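Working notes, structure below.
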Amino acid sequence: MSEDKRNNQQARLAALYEVSSQLGTSLDLSEVLNQVMDAIIQLTGAERGFLMLFGSISGKLQTMAARNMDQETIDGHSMPISRTVIERAAATGEGILTNNAQEDERFSSQQSVVGYQLRSIMCAPLRARGRTIGAVYVDNRLFAGVFQQEDLDLLSAFANQAAIAIENARLFTQTDQALERRVQELSLFQNIDQQLNKSLDLNRVLSLALDWAVAYTNADGGSIGLMEQDEERHPPVLRLLAHKQYNHVNINDVVPASHPVLAQILATGQSVFTQHVTSAQAINGVPTTIQFAVPIKRERDEIIGLITLEANQLNTLDAEDKAFVERLADRAAVAIKNSSLYEEIHAANKAKSDFISIVTHELRLPMTSIKGYTDLLASGMTGELTDQQKQFLDVIRRNLGRMNTLISDLSDINRIESGRMTFENKDFFLQDVIEDVRNSLQEAIDGRQQTLTVKMPEGATAVHADPTRINQVLANLVSNAHKYTPDGGHIAILVDQESAHIRVSVADNGYGITAEDQSKLFTQFFRAEAREVRAQPGWGLGLSIVKKIVEAQNGEITFRSEPGKGSMFTFTIPLAQTNK
Ligand code: ADP
């Protein structure tokens, strides 16, 4: 190799190294294409050039970058030779060099070549990962006349590296776009979930889900419905409960399970996409261009409803839209389940509450009259009673008392649960309430030879609460201490102050509560199994009411208990303003 040639070669390699080192610094496709195009012009010294890539969807060659050629020239029909050459390079994967295109037999069939001043043309395929992704083209050497084979070798060497850089940027853009779409979708779903779960109103959940489905897919309309199975075990039907820009559909319209599309979905559990929808296929019975019906499924693939979208144009609703609606249906299923459960519970609660209201009201009336007549008989005003008659009347009165407690406990619970319990809070002296409670229970306490002591700070203790309710709480706790302490036992009411609260404790040295039972305390109808407990009258409602009353007045209730030793229940009451 001559000195000149070697120098030349070295200069080329240096140039190749220099331009190649620029590649790979960016993952932005258009930036990479520009770098490549600049490098090609710099390397080859060409007057102009352009680069084409096979489109990822169309599979056709598209011009992606050009130098010294305007877009119109490239896109138009004014460059038959250039296009033929580059198409050939891209198709064959072989480099092309010609210095007289007009006379080159490969291109001479192009009649229009005559008249173009194309002297020298060079073209190299862009090959990455074993496949040709496009080609680069340059023509008319500016200074040094025609292109040589070395020039093509140089261009080809560079094209190989350029192709990889382009492919990397293209892949990156694709994954980047896919990722971005996924991130967008996730944040959209987060938003949807929030909205769906915020609402426990079934109709709202249904319309929200439908709104999202229609808006995201650009469908022209849609409907959403739930499957219904009546008790007489007729085949299920789909009841349409909401629609959006969906003509000819009325809320509460019913679609039978035998409807061909619905039947297919019920049988396969899969969405059904239909084009050129006939009236028999349309969920709403009206022909349309596209219909996409997606089942809403609960656990174990049970189909509970259907989202149907319709569009007037064939290319609406792509694969991505379909996947979106299917994912949306899964989320809607959860919200639908929650809201229908809520509605069922709400309805059941309301029914229970109404029932208790009626029963307690209806029972009070006859009980008042029974009590009146019993008291009258017991007073002896209607005639002298034998001892046995008196004894029987006592039994009647005791049982009336029990029924009365049950009725007032039940109506208290009803009031608390429906938020209808009222509190007339005011400042009052705790001593007065303690005194009332002691008076009302003293006889029963004495009856079992128990003692009741009260220990409280010197002076009057003013608290702020509803005195009647505090009386109820204290009476309940003292009554429990009395009931669940053996004869001769001791009960104490202890009062002390703690920052802004007064603490009231009721202690006894009675039966105590086992660790297992302690965890069930305060739940409605809970009573310990022990014989001595069951021997006492009670319904297991008192403590649950006490807890709710204390908490409604900004207090709290706690307890300590040891089986065989006794129990202590403590609740707090806010201090009166003047005491603080
Ligand atoms: P009731 O007294 O009508 O059974 P409560 O709700 O007041 O209903 O009490 C529930 C259960 O808690 C009682 O049945 C009893 O088993 C237990 N209990 C409550 N207070 C005491 C206490 N001071 N000592 C022992 N057990 C108690």
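The values are calculated or read from the model by the stated rules, or taken from the named source; none is laboratory data. These figures come from a predicted structure and were not determined experimentally. All Cβ positions, glycine included, derive from the backbone under ideal geometry; neighbour counts span all protein chains shown.
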Residue 557 meets each of (1) at pLDDT 95 or above; (2) near the ligand (Cβ under 10 Å from one of its atoms); (3) within 22 Å of residue 408 (Cα to Cα) with one exception, condition (2)
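Quick test for you: out of 470, 396, 416, pick the one residue that is of a type in the set (Val, Ile, Thr), touching a helix residue (DSSP H, G or I) at 6+ places or on another chain (Cβ under 8 Å), modelled with pLDDT under 90 and surrounded by 12 or more Cβ atoms within 10 Å (Cβ to Cβ).
Numbers: 470 fails: modelled with pLDDT under 90; 396 fails: modelled with pLDDT under 90.
Only one candidate qualifies: 416.
Within the range 105-120, is there a residue that is modelled with pLDDT of 85 or more, outside any loop (DSSP other than H, G, I, E, B) and among the small types (Gly, Ala, Ser)?
First, the residues of the range 105-120 that are modelled with pLDDT of 85 or more: none.
No; the residues of the range 105-120 include none that is modelled with pLDDT of 85 or more, outside any loop (DSSP other than H, G, I, E, B) and among the small types (Gly, Ala, Ser).
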Residue 318 passes all but one of (1) surrounded by 17 or more Cβ atoms within 10 Å (Cβ to Cβ); (2) among the acidic types (Asp, Glu); (3) closer than 27 Å to residue 191 by Cα; which number fails? (1)
Given the conditions (1) at positive phi; (2) more than 40 Å from the chain's Cα centre (by Cα); (3) surrounded by 11 or more Cβ atoms within 10 Å (Cβ to Cβ), and given that residue 373 satisfies all but one, which numbered condition is not satisfied? (1)
Just the residues that are more than 16 Å from the ligand (Cβ to nearest atom) and of a type in the set (Val, Ile, Thr), please, taken from the range 460-484. 461, 463, 468, 470
Here is a list: 23, 29, 51. Which entry is at pLDDT below 80 and crowded, with 19+ Cβ neighbours inside 10 Å? 23
Has the range 521-534 got at least one residue that is closer than 21 Å to residue 436 by Cα and either near the ligand (Cβ under 8 Å from one of its atoms) or of a type in the set (Gly, Ala, Ser) (or both)? no
Applying the selection to the range 506-520, what residues are more than 8 Å from the ligand (Cβ to nearest atom) and of a type in the set (Ser, Thr, Tyr)? 514, 519
Assess whether residue 524 counts as being more than 15 Å from residue 476 (Cβ to Cβ) and either outside any loop (DSSP other than H, G, I, E, B) or in contact with a Ser or Thr (Cβ under 8 Å, 6 or more places away or on another chain) (or both). no
Would you confirm whether or not the range 322-333 contains a residue that is under 30 Å from residue 286 (Cα atoms) and more than 19 Å from the chain's Cα centre (by Cα)? yes
Restricting to the range 143-167, and then to whatever is out of contact with any Ser or Thr (no Cβ under 6 Å at 6 or more places or on another chain) and at pLDDT below 85, can you tell me which residue is surrounded by the fewest Cβ atoms within 10 Å (Cβ to Cβ)? 143
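With closer than 30 Å to residue 202 by Cβ and polar (S, T, N, Q) as the only criterion, which of 357, 408, 379, 369 stands out? I'd like the intermediate steps shown before the answer.
Values: 408 fails: closer than 30 Å to residue 202 by Cβ; 379 fails: closer than 30 Å to residue 202 by Cβ; 369 fails: closer than 30 Å to residue 202 by Cβ.
357 is the lone residue from the list that is closer than 30 Å to residue 202 by Cβ and polar (S, T, N, Q).
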The one condition in (1) crowded, with 17+ Cβ neighbours inside 10 Å; (2) in contact with a His (Cβ under 8 Å, 6 or more places away or on another chain); (3) not basic (Lys, Arg) that residue 307 fails to fulfil: (2)
Confirm whether residue 335 is small (Gly, Ala, Ser), surrounded by 17 or more Cβ atoms within 10 Å (Cβ to Cβ), assigned to a helix (DSSP H, G or I) and in the same structural domain as residue 295 (by TED's automatic domain parsing). yes
Take the residues in the range 276-304 that are among the aliphatic types (A, V, I, L, M) and assigned to a loop (DSSP other than H, G, I, E, B); name whichever of them is surrounded by the most Cβ atoms within 10 Å (Cβ to Cβ). 283
In the range 182-235, which residue that is free of Cβ contacts under 8 Å to residues at least 60 places away in the same chain and in contact with a Pro (Cβ under 8 Å, 6 or more places away or on another chain) is surrounded by the most Cβ atoms within 10 Å (Cβ to Cβ)? 228
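Does the range 429-445 contain at least one residue that is under 47 Å from the mean Cα position of the chain (by Cα) and outside any strand (DSSP E or B)?
Initially, the range 429-445 is screened for residues under 47 Å from the mean Cα position of the chain (by Cα), giving none.
There is no residue in the range 429-445 that is under 47 Å from the mean Cα position of the chain (by Cα) and outside any strand (DSSP E or B).
Return yes or no: is residue 457 away from the ligand (no atom under 12 Å from the Cβ) and in contact with a helix residue (DSSP H, G or I) (Cβ under 6 Å, 6 or more places away or on another chain)?
Values: away from the ligand (no atom under 12 Å from the Cβ): yes; in contact with a helix residue (DSSP H, G or I) (Cβ under 6 Å, 6 or more places away or on another chain): no.
Judged against the criteria, residue 457 is not a match.
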How do the pairs read when you match residues in the range 536-559 that are of a type in the set (A, V, I, L, M) with residues anywhere that are part of a strand (DSSP E or B), using Cβ under 6 Å and keeping only pairs 6 or more apart or on different chains? 550/557; 550/571; 557/571
So in the range 535-554, with the set limited to residues that are closer than 13 Å to residue 480 by Cβ and part of a loop (DSSP other than H, G, I, E, B), which one is nearest to the ligand (Cβ to nearest atom)? 538
Residues in the range 485-494: is at least one over 18 Å from residue 440 (Cβ atoms), away from the ligand (no atom under 13 Å from the Cβ) and part of a strand (DSSP E or B)? yes
